[in-house]
Structure formats: C-alpha cells, structure tokens
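No value in this document is a laboratory result; all are computed from the given coordinates. Keep in mind that what you see is a predicted model, and the values were worked out from it rather than measured. Methodologically, a virtual Cβ is constructed for each residue, glycine included, from the backbone with ideal geometry; neighbour enumeration extends over all protein chains shown.
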Amino acid sequence: MIVPERTDWEEKAKGILRSEMARHSVTYAQLVEKLAKKGIEDNERNLRNKVSRGKFTAGFLLQCLSALGCTSLQLE
C-alpha cells in the first residue's frame with residue numbers, strides 16, 4: 001500500500017493540536033476523557049496514532065480544541 005505524503009497543512013493541524021495539548025497540560029489519556037464527556041468515543045491508542053499521522057478531519061480538530069477548552073487560536 002502506498003501512503004500519500006503529508007501536506008504542510010496536515011503538519012500544521014497536527015502541530016496546532018499538540019501545542020494546545022501542551023499549553024493546557026493535557027495528555028492523550030486525559031483528552032480521551034474530555035472527548036468522552038462531549039459524547040465522542042475514542043481510545044488513547046487510536047487518538048495518539050491519528051494525531052501522530054496528522055490525518056484527521058477539521059471536525060475532529062475542532063472537537064479536540066473544544067474539549068481542551070480553547071476559545072481562540074493564533075495561526076501565524
């Protein structure tokens with residue numbers, strides 16, 4: 001199977017999510033719990049892999065940011 005190369009935008013999205021997790025001092029396990037409180041079921045391993053690959057939807061990114069309590073982002 002040929003895996004497509006990551007785009008700069010996917011890397012940026014992954015970086016934003018990881019940065020916000022660090023800024024809020026939230027681990028992957030804690031993010032799974034926060035997502036579950038919003039009715040979004042996942043497990044730590046899947047979450048870690050999804051973020052590591054940088055292959056996730058904008059909707060997923062927004063769900064995570066909401067679970068982290070983000071109210072604003074600076075993109076530049």
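Treating only the Cβ atoms of Lys and Arg (+1) and Asp and Glu (-1) as charged, compute the dipole magnitude of the chain about its Cα centre; round to the nearest 20 debye.
The dipole magnitude comes to about 160 debye.
Can you tell me, using C-alpha contacts under 8 Å and at least 6 residues apart, the relative contact order of the chain as a whole percent?
40 percent
Which of the residue pairs Lys12/Lys37; Lys14/Lys37; Lys14/Lys34; Lys12/Lys50 have a Cα-Cα distance greater than 20 Å in the structure shown?
Table pairs above 20 Å Cα-Cα are Lys12/Lys37; Lys14/Lys37.
For a quick check, take a GNM of the chain with Cα springs below 10 Å and name the residue from Ser25, Ser52, Ser66 with the largest mean-square fluctuation.
The residue with the greatest mean-square fluctuation here is Ser25.
Along each of the three principal axes of the Cα atoms of the chain, give the extent in whole Å, ordering the values from largest to smallest.
Between the extreme Cα coordinates on each principal axis of the chain lie 36, 30, 20 Å.
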